[in-house]
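The block underneath contains the structure these notes are about, expressed in structure tokens.
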Amino acid sequence: MLSFILRRLGISAIVLLLASVLVYFLTTISGDPLAGMREQANDPKVAAQMQARIVALDLDTPWFIRYLKWLGGAAGCVWGQCNLGTDVNGNAVLDQLGSAAASTLRLVLLSVVIACIVGILVGVLTAIRQYSDFDYIVTFIAFVLFSLPVFWVAVLLKEYAAINYNNWIANPSFTPAQVVLTAIILGLIVMLFMGGSWKRRVLSFGVVAVVVGVAMPYFTWLRFWQYPQMGPAVIAVVVLAVGAFALQTTVGFKERRVWLPALISAALVMVVYYASWNLLSEPNWWILILGLVLAIAVPWLLGAWLGGRYRPQAIGAAASVTLTGAFLTIVDHLFVTWPGFMALKPRPISTIGSNTPNFTGNFWETFLDNGTQLLLPTVVLAVVSIASYSRYTRAAMIDVQGQDYMRTARSKGLPERTVILRHAFRNALIPIVTIVAMDFAAVIGGAVITEQVFGWKGMGELFQTGLKNVDPAPVMAFVLVTGGVAVLFNLLSDVIYALIDPRIRV
Amino acid sequence: MRLKRISLAVAAGAAAALALASCSPGGNNTPSSSGSVSGSASDSAAQAAQIDGSGKLDLKDIQTQDGEIKVSVGSTEFGGYNTLTPATYDTYSSAISALYTTGFFYFGTDGKVIPNETLGTAEVVSDSPLQVKYTINPDAVWSDGTPITVADAVLAWGSQNASLLGSDGKTPVFNNVSGDLVALAPKGPEGDVNGKEFTLTYKEPNLDWKLQTLMAQPAHVVAKQAGMSVDDLVSALREQDATKLAKAGAFWSTGWNKGAGQLPADDLNVSSGPYILDSWQKGQSVSLVPNPKYWGPKAGVSKLTFRFVDSGAMVQALQNKDLDVMSPQPTLDTIKQLEALGSAVKIIKGDTMTWEHVDFNFAGTSVFKDDADLRKAFAMCIPREQIVEQLIKPLNPDAKVLNSRVSFPGDDLYDRVVQEAYPASTYDSVNLEESKKLVDASSAAKTNGKVTVRIGYNSPNPRRANEVQLIKASCDQAGFDVKDISSETFSAEGGPVTKNDYDAFLFAWAGSGQLTSDSNIYMTGQPQNFGKYSNAEVDKQLTITKTTMDLTKHGDALVATEKQLWDDMFGIPIFQHPGIDAAGADVTNVIHTQTQDGITWNAEQWQRVAE
């Protein structure tokens, strides 16, 4: 394995080196670095600027010597003396790279996680219900999303999710027609999703349509959109429901060793909800991280202590309860903050920037500000990835389901859930891991358009500005990072292969 | 099992309903009033007059409003406090620095130079030698309370010397984008260091003396950072002593600009304008707040924020009120999007001082070399009216064909040039017949009876590609075979332009408002005379423009130059580039300017009004 990894690394290094030569050369011939100044009128100041630019870009030196200089500096990164050169304005590229990479990661990480979860989930569901109405509709939507140009999705989202939402939230209300239409559409969606017999379809349509039809005016009456509220009662009900679902899908309600830790966890959630109220009203990131650790550690201990031979199920049920509770507690705090946030930022969803300039608020208000700014670009990036992940997952799952060991597993009498999750899904994950790994590398570089449209200054902007100025240093920094990430994730996917698929372990 | 499931669902539903029913409507029932504009709005642009016809608005009683106006002029990052270094001298950074610096003159919306009496006055006391007496407003102070004095003028002057080199013998002590004032006026500002009056004596006559920078950075800050007294700094500057100035120069060049997002420390962040830098978020925005010590008219709003936004994202940002004023790339697409927003925005259109033209190559491999008739033939077939009609009018309905190289419509000189120098009957409209006659008579090499013309520009440039198509469609009928040889590196070092390996070059000059700039383009051997044009009469006349202090003589010489340029057919002007800006309907005093200053030229006067 080690020699395999080393060989892979060696080849990757050569590929990176060749790519860097090529990109450097292409960047230097991509345009005239002084074009912008040549057409400035004959101000003596412009001549000084041109001279400064010539010095900054070292234009009097042939490109390959400049490349070697750059390579020397970049090679220093190996022993911790990075020098990625300076851009046209004489700023060190390394400094810019740091903040650009942070900005892009913030943008990309969430969207990749969302896309993975949703895409794989949808893919598995469509594969299980192959050739159902649900499958056809998801396929249709996936292809529509897949073929949408990113900038266009971004413009549409800004129009509807930002501008129109902001206009609406100032005075939220629904016309009866909107309520009826939404109820029917959501009813239809759920009906198609649930599938089954005609009776079941009509029932699911009816229930959803009625609930939505009642909820929309009710929430408006509650002024929920401006003053969202949840309160402990809702949290208690949801937490119990999640616990019940966890029990029902594992060992049923009769097993004390499982329902007891789940119930204790639910009680703890409510206690912590009240006890931590003041602390969480003005928290910091450390408190939140500590909370997350506790929300995992406590149910784990409870399950381990009380679970006996049902230990894994007990831990699972208890953890799903506490994690739901923790999530809802945070949502409740955000709900409470929302009216104050709206007062600070009357148009909550902005179309540009990674945060509102000069925004001053408490922790949750700042959290909401960053969140609302992150929302649209994340959705844009996620939407396209979801489409492709769901297709790949579906194909992989269908492929696996035709295998002999699936028939063996079913004929052994294993429950369908075990067959799908253990035998089918795990094997189907192998090709998906490769795609996700490569996609992550691509998304870091591919956020160029999204960053530009939403006014984020990340890796894409670094690359684009560098290219526009015929300035190799930032372009090379971009190539170095995206190329490095691609190599790294390629390697990582190989390692994960070995973890998922015992056959590959050497 | 089935029954159990249903009963479970019912129970869950009931519990959820109960939980929800425990809620009651949120908030108080009277909708809160949306933030109203406090402070009195000043006169709107419609009421207030521009000083001297094209200067800033005359808003005498302007009061600062409590509120924020957000503007974007592009996605380029702010360079730093000191925007006079070559690395930070760009229109984007200057738009911001103009608000915390001051000067004795500024450009009006038509490019006229207008005195800024808030800072002080300047008057010519002698023409020969040119001697100007400056008087600084007695109330003028920096934002830290230090009076603005002659010392500051000495710093502004003394830092403009490209030949004052540091100890390495290569880099200038002051890394200033402008490096010639010390050579032009060697004695510098003469007057009491702590006083408010000084005289500047130029070696040569200089009609553009008003454009010299004589007020920029605070001398007391530089002196303190260099560890010397203001008096010592001033005498070192007057002596231009590189050793004594080494520390001051090093601070001047790098001390203020610490990289993106890094504002200078409070004692260095000193303003002499209506606003002062308040915050800078890397890659996102720069905010300014009113300078509390500003002695002139008050700043318009309590916070002015420049956001760095890509042109393509501006319209929706304006619509979502993320921006209040925007200055996008002028494209048809942007205009259409803005027009679709109706009365919510004000679209501000007009000409700019950047002008498009076709210039001929008089050297190298040019087919036009030594063939004035062929040049005239080509100029006659260029469909200038059609280009303006199809490509420019949709962006600026008032656009017209430009008929002068040395002045713009609106200048006093333009009408004279058009009447006395421009052969209107020959070039006003396309004349294919006459053009064809000249082509046929020409001795230029022909293939299939056609003269090949290689026309180029720096690509990609969709508008110029369209222009070349229109030119080709017209000129091919006159016996030319127009070839588009544009490339990304057309005018780059080693490209066709520097090798004089082309016939015609389509490009634009960005007019600077200088009176003496034409000599760099049309005189023999000048670096911006790309086509290597040479004419003794033009050289003579342009020398006059550089050496006279008499505006009439200057005008006469320019008219004579134009006449010669039209006779020789140096090249042909086509149009002024259109400018598009937009502002929310609730922002007032936003005015178009033709100059490179851009829409923010009077940003300190912007205010909000009720929609």
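The values are calculated or read from the model by the stated rules, or taken from the named source; none is laboratory data. Everything quoted here is computed from the prediction, not taken from an experiment. Cβ coordinates were reconstructed from backbone atoms using ideal geometry, including for glycine residues, and neighbour counts include every protein chain displayed. Ligands, DNA and RNA are stripped out before the accessible areas are found, and what is left, the full protein with its side chains, is counted by its heavy atoms. Shrake-Rupley method; radii C 1.70, N 1.55, O 1.52, S 1.80 Å.
Could you pull out every one of the helices (runs of 4 or more DSSP H) wholly within region A:254-341 that has 2 or more residues that are in contact with a helix residue (DSSP H, G or I) (Cβ under 9 Å, 6 or more places away or on another chain) and buried (at least 17 other Cβ atoms within 10 Å of the Cβ)? Let's see the steps before the verdict.
Numbers: elements: A:256-275, A:277-281, A:285-306.
Correct list: A:256-275, A:285-306.
Suppose we keep only residues that are facing chain A (nearest Cβ under 7 Å) and open to solvent by less than 30 Å² (accessible area, probe 1.4 Å) within region B:496-526. Which one would you say is modelled with the lowest pLDDT? The selected residue is B:512.
Would you confirm, using the coordinates I've provided, whether residue A:447 is more than 30 Å from residue A:251 (Cα to Cα), open to solvent by less than 10 Å² (accessible area, probe 1.4 Å) and under 19 Å from the mean Cα position of the chain (by Cα)? Criteria met by residue A:447. Looking at A:202, A:212, A:207, just one residue is without any contact (Cβ under 8 Å) to a residue 60 or more places away in the chain, buried (at least 18 other Cβ atoms within 10 Å of the Cβ) and not basic (Lys, Arg), and that residue is A:212.
Screening residue A:102 on (1) over 28 Å from residue B:257 (Cα atoms); (2) of a type outside the set (Ser, Thr, Tyr); (3) part of a helix (DSSP H, G or I) shows it passes everything except condition (1). Scanning region A:220-231 for residues that are assigned to a helix (DSSP H, G or I) and open to solvent by 40 Å² or more (accessible area, probe 1.4 Å) gives a single hit, A:221. In region B:531-548, the condition of being touching a strand residue (DSSP E or B) at 6+ places or on another chain (Cβ under 9 Å) and either among the hydrophobic types (A, V, I, L, M, F, W, C) or part of a strand (DSSP E or B) (or both) is met by no residue. Under the condition of being outside any loop (DSSP other than H, G, I, E, B) and either more than 8 Å from chain B (Cβ to nearest Cβ) or surrounded by fewer than 16 Cβ atoms within 10 Å (Cβ to Cβ) (or both), the residues counted in region A:241-253 number 7.
Scanning region B:549-583 for residues that are part of a loop (DSSP other than H, G, I, E, B), crowded, with 20+ Cβ neighbours inside 10 Å and among the aliphatic types (A, V, I, L, M) yields a single hit, B:569. Of the residues contained in region B:284-304, one or more are found to be of a type in the set (Ser, Thr, Tyr), closer than 21 Å to residue B:588 by Cα, open to solvent by 10 Å² or more (accessible area, probe 1.4 Å) and more than 10 Å from chain A (Cβ to nearest Cβ).
For region B:134-159, name all the residues that are in a loop (DSSP other than H, G, I, E, B), open to solvent by less than 10 Å² (accessible area, probe 1.4 Å) and within 22 Å of residue B:178 (Cβ to Cβ).
Listed by number, the residues that qualify are B:142, B:148, B:159.
The residues of region B:239-283 that are polar (S, T, N, Q) and either open to solvent by 30 Å² or more (accessible area, probe 1.4 Å) or over 16 Å from residue B:88 (Cβ atoms) (or both), listed by number, are B:240, B:243, B:254, B:257, B:262, B:271, B:272, B:279, B:281. Selection of region B:219-234 for residues being surrounded by 15 or more Cβ atoms within 10 Å (Cβ to Cβ) and either of a type in the set (S, T, N, Q) or within 28 Å of residue A:93 (Cα to Cα) (or both) yields only B:225. Screening A:314, A:326, A:409, A:304 for residues that are more than 30 Å from residue A:154 (Cα to Cα) and touching a Pro at 6+ places or on another chain (Cβ under 6 Å) leaves exactly one candidate, A:314. Residues in region B:162-179 that are open to solvent by 20 Å² or more (accessible area, probe 1.4 Å) and either of a type in the set (Ser, Thr, Tyr) or more than 12 Å from chain A (Cβ to nearest Cβ) (or both): B:163, B:165, B:166, B:167, B:168, B:169, B:171.
Looking across region A:344-399, the residues that are β-branched (Val, Ile, Thr) and either within 14 Å of another protein chain (Cβ to nearest Cβ) or farther than 21 Å from residue A:136 by Cβ (or both) come down to A:349, A:351, A:352, A:356, A:360, A:366, A:372, A:378, A:379, A:380. Within this structure, residue B:391 passes the test of being of a type outside the set (Gly, Ala, Ser), more than 22 Å from the chain's Cα centre (by Cα) and either part of a helix (DSSP H, G or I) or not assigned by TED's automatic domain parsing to the domain that holds residue B:426 (or both). Looking at B:420, B:467 in this structure, which one is away from chain A (no Cβ under 14 Å), open to solvent by less than 10 Å² (accessible area, probe 1.4 Å), acidic (Asp, Glu) and in contact with a helix residue (DSSP H, G or I) (Cβ under 8 Å, 6 or more places away or on another chain)? Selected residue: B:467, the only one of B:420, B:467 that is away from chain A (no Cβ under 14 Å), open to solvent by less than 10 Å² (accessible area, probe 1.4 Å), acidic (Asp, Glu) and in contact with a helix residue (DSSP H, G or I) (Cβ under 8 Å, 6 or more places away or on another chain).
Can you confirm whether region B:121-132 contains a residue that is charged (D, E, K, R), buried (at least 21 other Cβ atoms within 10 Å of the Cβ) and outside any loop (DSSP other than H, G, I, E, B)? Scanning region B:121-132, I find no residue that is charged (D, E, K, R), buried (at least 21 other Cβ atoms within 10 Å of the Cβ) and outside any loop (DSSP other than H, G, I, E, B), so the answer is no.
Only a single item in (1) farther than 27 Å from residue B:529 by Cβ; (2) in contact with a helix residue (DSSP H, G or I) (Cβ under 9 Å, 6 or more places away or on another chain); (3) of a type in the set (A, V, I, L, M, F, W, C) is not met by residue B:335, and it is number (2).
Inside region B:162-210, residues that are in a loop (DSSP other than H, G, I, E, B), in contact (Cβ under 8 Å) with a residue 60 or more places away in the chain and more than 28 Å from the chain's Cα centre (by Cα) make up a count of 5. Of the set (1) over 27 Å from the mean Cα position of the chain (by Cα); (2) of a type outside the set (Ser, Thr, Tyr); (3) more than 12 Å from every other protein chain (Cβ to nearest Cβ), all apply to residue B:325 but (1).
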